[in-house]
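Have a look at the structure below before the remarks.
The values are calculated or read from the model by the stated rules, or taken from the named source; none is laboratory data. Every value quoted in this text rests on a predicted model; they were computed, and no experiment measured them. FYI the Cβ positions are ideal-geometry reconstructions off the backbone, even for glycines, and counts take in every protein chain you see.
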Amino acid sequence: MLQQTEPAKPMSAVRSTNKNPKCDPPDAKRIVIVDDHPLFRKGLQELIHSDESFAVCGEASTASEAMEVIRKLHPDLVIVDLSLPGANGIELIKNIRAEYPKLPVLVLSMHDESLYALRAMRAGADGYVMKHEAMANVVQAVHEVFNGRPYLSPAMAAQVITKFAHRQAEGEVDAVERLSDRELEILELIGKGNEVRQIAKLLHLSPKTVETHRAHIKDKLDLKNSREVARFALQWLQARGA
């Protein structure tokens, strides 16, 4: 009997929240949360546990830590935030998809769905929920993903259909598509009025790194200086209603 229980030990060793007995039943779908805010992870865990068919059994605050937890816990689903220290959430999704092609990934992010949902889905995510909508939608989104259906908010789903039905004109949209995921993140924060030091603090980067990304944005969008980058970012966000 003792030998039969030994394989379960590593499951509770890696930043697992296995103090909760809900993680022990074999029929519960096991979930790992990746977010760098401990209080948000705790709140999300309580929300998910409101459905007895799910159990949060592990957590991580960075992309590298997340991969370690996933390898050791072998969860049924991973919930990923896009803004993580170091490698961002989209890079993490790509790494998860490369190593675990069939592991469902749900994005739960503060970033506007209209800006990042398609990029996240292209990287391999199965759904996208904005944090301010989490209370209402996250459990439904988890159910949808486990049932093999991608999850987007009704408004975003309609936007995607419209985009493919009526091809958007080339120009500004295509230029922004050339930006990397991190550059897009910084462009959004610039458009929302954040200075370099504020962006650095939000993204856990050095101010010099943010300035380098801003320079790349300027070059890729063929803009003359940082002031033009700020003006473009603001107009771009306004045009998308973000």
Item to complete: Taking residue 50 as meeting all but one of (1) modelled with pLDDT of 90 or more; (2) of a type outside the set (A, V, I, L, M); (3) under 20 Å from the mean Cα position of the chain (by Cα), write down the number of the exception.
Response: (3)
Discussion item. Suppose we filter the stretch 98-128 for residues that are in contact (Cβ under 8 Å) with a residue 60 or more places away in the chain, of a type in the set (A, V, I, L, M) and buried (at least 23 other Cβ atoms within 10 Å of the Cβ); how many remain?
Written reply: 1
Worksheet item: Right, residue 55: within 10 Å of residue 33 (Cα to Cα) and not in a loop (DSSP other than H, G, I, E, B) or not?
Response: no
Worksheet item: If you go through the stretch 13-30 one residue at a time, do you hit one that is of a type outside the set (D, E, K, R), closer than 19 Å to residue 106 by Cα and modelled with pLDDT of 90 or more?
Response: no
Worksheet item: For the stretch 77-120, how many residues are farther than 24 Å from residue 158 by Cβ, not aliphatic (A, V, I, L, M) and not in a helix (DSSP H, G or I)?
Response: 8
Worksheet item: Of all residues in the stretch 58-76, which are within 20 Å of residue 143 (Cα to Cα) and in a loop (DSSP other than H, G, I, E, B)?
Response: 74, 75, 76
Item to complete: Sort out which residues of the stretch 204-227 are within 18 Å of residue 177 (Cα to Cα) and without any contact (Cβ under 8 Å) to a residue 24 or more places away in the chain, and write them in order of number.
Response: 215, 218, 219, 223
Worksheet item: Has the stretch 109-120 got any residue that is under 19 Å from residue 76 (Cα atoms) and out of contact with any Phe, Trp or Tyr (no Cβ under 6 Å at 6 or more places or on another chain)?
Response: no
Fill in: Pairs, first more than 14 Å from residue 113 (Cβ to Cβ) in the stretch 132-146, second among the hydroxyl-bearing types (Ser, Thr, Tyr), C-beta under 7 Å, six or more apart
139/50; 144/151; 145/151
Worksheet item: What helices (runs of 4 or more DSSP H) lie completely within the stretch 157-225 and have 2 or more residues being at pLDDT 90 or above and more than 24 Å from residue 94 (Cα to Cα)?
Response: 181-191, 196-203, 207-220
Worksheet item: How do the pairs read when you match residues in the stretch 30-49 that are in the same structural domain as residue 69 (by TED's automatic domain parsing) with residues anywhere that are buried (at least 16 other Cβ atoms within 10 Å of the Cβ) and basic (Lys, Arg), using Cβ under 8 Å and keeping only pairs 6 or more apart or on different chains?
Response: 33/41; 35/41; 40/131; 49/22
Worksheet entry | Those residues of the stretch 205-218 which are under 22 Å from the mean Cα position of the chain (by Cα) and loosely packed, with under 14 Cβ neighbours inside 10 Å, in sequence order | 206
Worksheet item: Can you find a residue in the stretch 72-82 that is in contact with a His (Cβ under 7 Å, 6 or more places away or on another chain) and surrounded by 16 or more Cβ atoms within 10 Å (Cβ to Cβ)?
Response: yes
